[in-house]
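Report on the structure given below.
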Amino acid sequence: MTLTGDGAGRWGEVARPVDVPPDTPAAPPFVLALRERFPGVRCWWGSHTRRWWAYLPGDGLGRLIEAATPDALAGQAMRRMTPPEGDT
């Protein structure tokens with residue numbers, strides 16, 4: 001789902017296919033794996049920024065992260081979403 005505005009101040013979610021770059025064939029499994037491991041995580045390809053993005057739920061508003069590759073984004077998400085040893 002994507003949040004979009006109509007120019008008159010009205011906003012809403014609309015379904016939009018993910019714009020996956022042709023050199024990223026492994027993107028769908030990566031997105032599914034992150035969603036499965038960390039419920040609430042949302043991932044997408046920024047067609048304007050040409051970067052991978054993820055929303056990580058958490059305290060307050062959560063956090064947005066971005067990276068150039070799916071692997072880099074997954075690494076960041078795992079570091080931020082996995083509690084340090086001894087905190088479990």
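Overview of results
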{"quantity": "Count - residues of region 43-88 that are of a type outside the set (Phe, Trp, Tyr) and under 16 Å from residue 29 (Cβ atoms)", "calculated": "11"}
{"quantity": "Matching residues in region 31-88 - criterion: being out of contact with any strand residue (DSSP E or B) (no Cβ under 7 Å at 6 or more places or on another chain), basic (Lys, Arg) and modelled with pLDDT of 90 or more", "calculated": "79"}
{"quantity": "Total residues in region 63-81, condition small (Gly, Ala, Ser), free of Cβ contacts under 8 Å to residues at least 24 places away in the same chain and surrounded by 14 or more Cβ atoms within 10 Å (Cβ to Cβ)", "calculated": "2"}
{"quantity": "Per-region count, region 34-62, residues of a type outside the set (D, E, K, R) and surrounded by 15 or more Cβ atoms within 10 Å (Cβ to Cβ)", "calculated": "11"}
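The values are calculated or read from the model by the stated rules, or taken from the named source; none is laboratory data. Small disclaimer: the values here were computed from a predicted structure and weren't measured. Every residue, glycine as well, gets a Cβ built from its backbone with ideal geometry; the counts of neighbours run over all protein chains shown.
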